[in-house]
Amino acid sequence: LRRSKPPSTLSHRALALGHRFADHPRVHRLLYALRNRRGFTDLYQHDRMLADEARIDAYRDAFARHVKADDVVVDLGTGTGVLAFLAARSGARVVHAIEHGVVVELAEAVARDNGIENVEFHRMHSTTFELDEKADVIIHEQIGDALFDEGVIANIGDLRDRVLKPGGLILPGRLELFVEPVQLLDGLNAPFAWQQQIEGIDFRALANAPDAESHGYRYRVFRPFPFQQFLCETEPVLEIDLLTVDPADTARLISYERPVTVPGRIDGLCVYFRASFDDEISFSSSPEERPTNWGTPLWRVEPRDVAPGDSVRLDLEARDLASPRSWRWQVSVG
Ligand SMILES: C[S@@+](CC[C@H](N)C(=O)[O-])C[C@H]1O[C@@H](n2cnc3c(N)ncnc32)[C@H](O)[C@@H]1O
């Protein structure tokens, strides 16, 4: 694509610099920490999570199978208390429900209304939580649209190392990340603005926009995802076991080359996850499975037709798994 000369005004350069600044992992972490406590005071978020049947069913089944009578359970980020209450109903002796947001007051009211007495609430950040006995189980739902972007590795790793018994469980404990070449539904696909030709008007000059290369523009979260089909066999690019992961080990280089198995148009790479409690019970944000409350990110590429015989190559550098804005990817089709 031929681009016309970019504007070189001061405001254009300042905007481009601003986009680069916002993509820095430290800036992302700071903004996330500031937003998180307030963000989850909003009923809107809890409303969607409580209504997510695929999510709730998986936790209920997993607790029925893995939480034993007399267990000491710690719930990291209890929100409305729903997971703590399900674990309490599964027979736990006590559930310590940690929550740094004011929503914990509402969770306490739900517990009172339902006569649930074996949940103890702790209004604090999990890193300051202490327990004078060891826990049998840590439960959590610290999962973002891009899997790690709610700080699950750092928060669970910290709590695990300080309060979990040797041989204790983390539910869910296995997290898998998928980055899959995908075709979107016609009419809802995502060509770049500079590829547009509308009634003979050519928009290629938009390729010089200050945010054309920014993460914010190239990464779009859909809710729901306009899924047509995957173009290759799906396979996780990363698997994390929360029982063993080192909380400081959050940079990754990921590469693959995958044969195209289905003819179609590549619109981008679809990012989703699977969170597993064991080999049978899990939930996933895959667009092929039961709908969930998670959004599905798309890493956009310039759309092009592909067919069996082609392959898709991905080179991904994640400077910080918890900060998708810091991820850089190259996709080539050949
Ligand atoms: C995704 S919501 C899940 C809420 C609830 N567990 C559920 O499944 O519906 C995550 C919750 O964890 C809280 N949270 C996130 N990080 C936390 C931390 N490190 N310590 C305490 N609370 C935290 C947030 O305020 C939010 O209410």
Among residues of segment 289-307, those that are part of a strand (DSSP E or B) and under 18 Å from the mean Cα position of the chain (by Cα), counted: 5
Top-ranked residue in segment 50-81 [being part of a helix (DSSP H, G or I) and buried (at least 19 other Cβ atoms within 10 Å of the Cβ); ranked as farthest from the ligand (Cβ to nearest atom)]: His66
Unmet requirement for Phe121, which otherwise passes all of (1) part of a strand (DSSP E or B); (2) more than 12 Å from the ligand (Cβ to nearest atom); (3) of a type outside the set (A, V, I, L, M): (2)
Members of segment 290-331 found to be of a type in the set (D, E, K, R) and within 24 Å of Arg274 (Cα to Cα), listed by number: Arg290, Arg300, Arg313, Asp315, Glu317, Arg319, Asp320, Arg325, Arg328
Pairs where the first residue, in segment 106-119, is farther than 11 Å from Phe85 by Cα and the second is surrounded by 19 or more Cβ atoms within 10 Å (Cβ to Cβ), C-beta under 7 Å, 6+ apart: Leu106/Thr80
Hey, Glu150 modelled with pLDDT of 95 or more, part of a loop (DSSP other than H, G, I, E, B), within 22 Å of Arg325 (Cα to Cα) and among the charged types (D, E, K, R) or not: yes
Conditions (1) over 23 Å from Cys232 (Cα atoms); (2) touching a helix residue (DSSP H, G or I) at 6+ places or on another chain (Cβ under 9 Å); (3) in a strand (DSSP E or B): number failed by Leu175: (1)
Residue match in segment 267-274 (condition: at pLDDT 95 or above, under 17 Å from Val221 (Cα atoms), more than 16 Å from the chain's Cα centre (by Cα) and buried (at least 21 other Cβ atoms within 10 Å of the Cβ)): yes
Residue, surrounded by the most Cβ atoms within 10 Å (Cβ to Cβ), within segment 125-142, restricted to residues that are assigned to a loop (DSSP other than H, G, I, E, B) and more than 7 Å from the ligand (Cβ to nearest atom): Phe129
Hey, Val67 of a type in the set (A, V, I, L, M) and in contact (Cβ under 8 Å) with a residue 60 or more places away in the chain or not: yes
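Each row is one residue, and each column tells you yes or no for (1) in contact with a strand residue (DSSP E or B) (Cβ under 9 Å, 6 or more places away or on another chain); (2) farther than 18 Å from Glu130 by Cβ; (3) near the ligand (Cβ under 9 Å from one of its atoms); (4) part of a strand (DSSP E or B).
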position: Leu83; (1), (2), (3), (4): yes, yes, yes, no
position: Ala97; (1), (2), (3), (4): yes, no, yes, yes
position: Gly101; (1), (2), (3), (4): yes, yes, yes, no
position: Val104; (1), (2), (3), (4): yes, no, yes, no
position: Glu108; (1), (2), (3), (4): yes, yes, no, no
Output for segment 232-258, where each listed residue is in a strand (DSSP E or B) and within 30 Å of Gly334 (Cα to Cα): Leu238, Glu239, Arg252, Leu253, Ile254, Ser255, Tyr256, Glu257, Arg258
Search result, residues across segment 83-134 that are of a type in the set (A, V, I, L, M, F, W, C), closer than 17 Å to Arg60 by Cβ and out of contact with any Gly (no Cβ under 7 Å at 6 or more places or on another chain): Leu83, Ala84, Phe85, Leu86, Ala87, Ala88, Ala92, Val95, Ile116
Sole exception among (1) in a helix (DSSP H, G or I); (2) at positive phi for Gly167, by number: (1)
Residue that is farthest from Gly115 (Cα to Cα), among those in segment 69-104 that are among the hydroxyl-bearing types (Ser, Thr, Tyr) and within 22 Å of the chain's Cα centre (by Cα): Thr78
Number of positions in segment 214-245 that are of a type outside the set (Lys, Arg), in contact with a Lys or Arg (Cβ under 9 Å, 6 or more places away or on another chain) and at pLDDT below 95: 5
Output for segment 259-288, where each listed residue is part of a loop (DSSP other than H, G, I, E, B) and hydrophobic (A, V, I, L, M, F, W, C): Val260, Val262, Phe277, Ile281
Test for Arg204: is it at pLDDT 95 or above, within 16 Å of the ligand (Cβ to nearest atom), over 24 Å from the mean Cα position of the chain (by Cα) and of a type outside the set (S, T, N, Q): no
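The values are calculated or read from the model by the stated rules, or taken from the named source; none is laboratory data. Being a predicted model, the structure only gives us computed values, none of them experimental. Backbone-built Cβ (ideal geometry, glycine too); neighbour counts: all protein chains shown.
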